[in-house]
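Reviewing the structure listed below.
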Amino acid sequence: MSDVKPVVSPEGIPVSNPYGSSRAQWYALSLLTVVYAFNFIDRQLLAILQEDIKADLALSDSQLGLLTGFAFAIFYVSAGIPIARWADRGNRRDILALSLVIWSGMTAVCGLVQNYAQLLLARVGVGIGEAGGSPPSHSIISDIFPPNRRATAIGVYSTGLSIGILFGFLAGGWLNEFFGWRTAFVVVGLPGVALAVVLRLTLAEPIRGIHDAAGQGPESSSFGEALGVLFSRPTFRHMALAGGLNAFCAYATANWMASYLIRSFGMSTGEIGTWLALIIGLGGAVGVLGGGMLADRLSARDKRWYTWIPALAGAIMIPFMLLVYTATTGRAVLLLSIIPGVLFQVYLATTVATTHAVVSPRMRATASAVLYLILNIVGLGLGSWVIGSLSDALADSKGSESLRYALLYTLPPVMTWSALHYWLAGRKLREDIARAPD
């Protein structure tokens, strides 16, 4: 039996729902999750390769931080808004397939560069392509699954982030050891082009608003209207800032942990890649999926669990983060990183699902793009760059340990700030969901 309602066109003609069966729903979700994994394989690859790239191209930590952070993020978020507006009006599947071709192709190009300027431009290309990944996917998922299953569905989708990190660290670490960093970029980038063809040929475009009170909803909403709805909600304002701060810590850890272990403890990229694939990759998948499922279950009692869960996760991480950056052995660092590795991504599914809950169906891709703009400017853009710049600033006083202290001085306070805003977001959550527009 299908759990979706019958749909009619504006002329009253019945419309066939391509996702009327669980099999179709879960195929689509699985495919979108694989696409999201490729998004993060391509993005994360640079983190495990950056020490060799730094030596080969004679770069500073600030330049590395710019590559993995702000230069990537500014184009990612700049392209994200117009692509999301396109997705709220056009065919989301086609937009996603085109974006996948762009970011995968530009990842392969990274292996061909000869200097820093060329690598920077290639990473900008990756960022522009990846901007078309999550907003269309989030919107598709919200039209496949009903509201009481969305956090779980987005949690499953968001495991792609952790799967991508897992394979990015694992493949990047070992490909680099055996073949070098240039080969790693080409080998990892090209399969995404083939995946785009599969996506285009096998994924059906869902019916907009099928699970919502307004059915297929109004034809469109303006960007200003969507922005007005989002920022008039205290829940979204607190939650977006909290998510950005959580992302700051998560991206800084993912982008700099390998360098920290190499510099402070002399570990190899293959060994580090294997460990971090399990801790950040597998652990993050458990966290994001578990967070979404737990929020959907507890929300039946109180909707505020959608923000309370990431607040609790952040509070638990803080003492472990302090221990990670004061540990005296590489093995201790890795073991202590397991708990943060699981909890870093707990926030993501609940934050996206709650953002969709406070807007109309025709605003969801735009709402995701606005949310990701904040997450990526604060998290991806500032996280890597701030740590790299502070490490350079501490180099004279801390020497080879400057990166350790940059991480120690920055990440625990930022995570405390994040947890506080998630708790504050819960105060108006029920009211903001109740007054979401049709």
Taking springs between alpha-carbon atoms closer than 10 angstrom, which of Ala425, Ala79, Ala24 fluctuates most in the Gaussian network model of the chain? Ala24
Kirkwood hydrodynamic radius, the range 56-211, all distinct C-alpha pairs: what's the number in Å? 16.8
Helix-derived [θ] at 222 nm for the chain: sum -39500 (n - 2.57) over DSSP H runs of at least 4, divide by residue count, nearest 500? -25000 deg cm²/dmol
Under a point-charge model restricted to the Cβ atoms of Lys and Arg (+1) and Asp and Glu (-1), what is the dipole moment magnitude of the range 374-436 relative to its Cα centre, in debye to the nearest 20? 380
Once Rh is set to the Kirkwood radius over Cα pairs, what Stokes-Einstein translational diffusion coefficient, in µm²/s, holds for the range 224-335 at a temperature of 25 °C and a viscosity of 0.890 mPa s? 150
Over the chain, how many percent of alpha carbon pairs lie in each 10 Å bin up to the one with the longest distance? 5, 23, 33, 25, 11, 3, 0, 0
For helix 22-57, report the angle its Cα long axis makes with the longest principal axis of the Cα atoms of the chain; keep it between 0 and 90° and round to the nearest 10°. 20
Volume per residue (Å³) of the convex hull spanned by the alpha carbons of the range 118-191 is 94
How large are Rg and Dmax for the range 272-336 when calculated on the C-alpha trace, in angstrom? 14.7, 45
Roughly how many whole Å is it from the C-alpha centroid of the range 282-308 to that of the range 106-179? 23
Per-residue Cβ neighbour rank within 10 angstrom, fewest leading, Ser389, Ser99: Ser389, Ser99
Would you mind finding the longest exposed-site-free stretch of the chain, with exposed GluC sites (Glu not before Pro) meaning DSSP loop and at most 11 other Cβ atoms within 10 Å? 220-438
Can you tell me the orientation of helix 147-179 relative to the chain, as the angle in degrees between its alpha-carbon axis and the longest Cα principal axis, to the nearest 10? 30
Out of Ser139, Ser104, Ser360, a Gaussian network model of the chain with alpha-carbon springs under 10 Å gives the largest mean-square fluctuation to Ser360
Taking 0.36 nm per intervening residue step and subtracting the Cα-Cα distance, what contour gain separates Arg430 from Ala204 on full extension? 78.0 nm
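None of the figures in this text is laboratory data; all of them are computed from the coordinates on show. Note that the structure is a prediction, hence the values are computed from the model and not measured. Please note: Cβ atoms are built from the backbone with ideal geometry, for glycine as well, and neighbour counts cover all protein chains shown.
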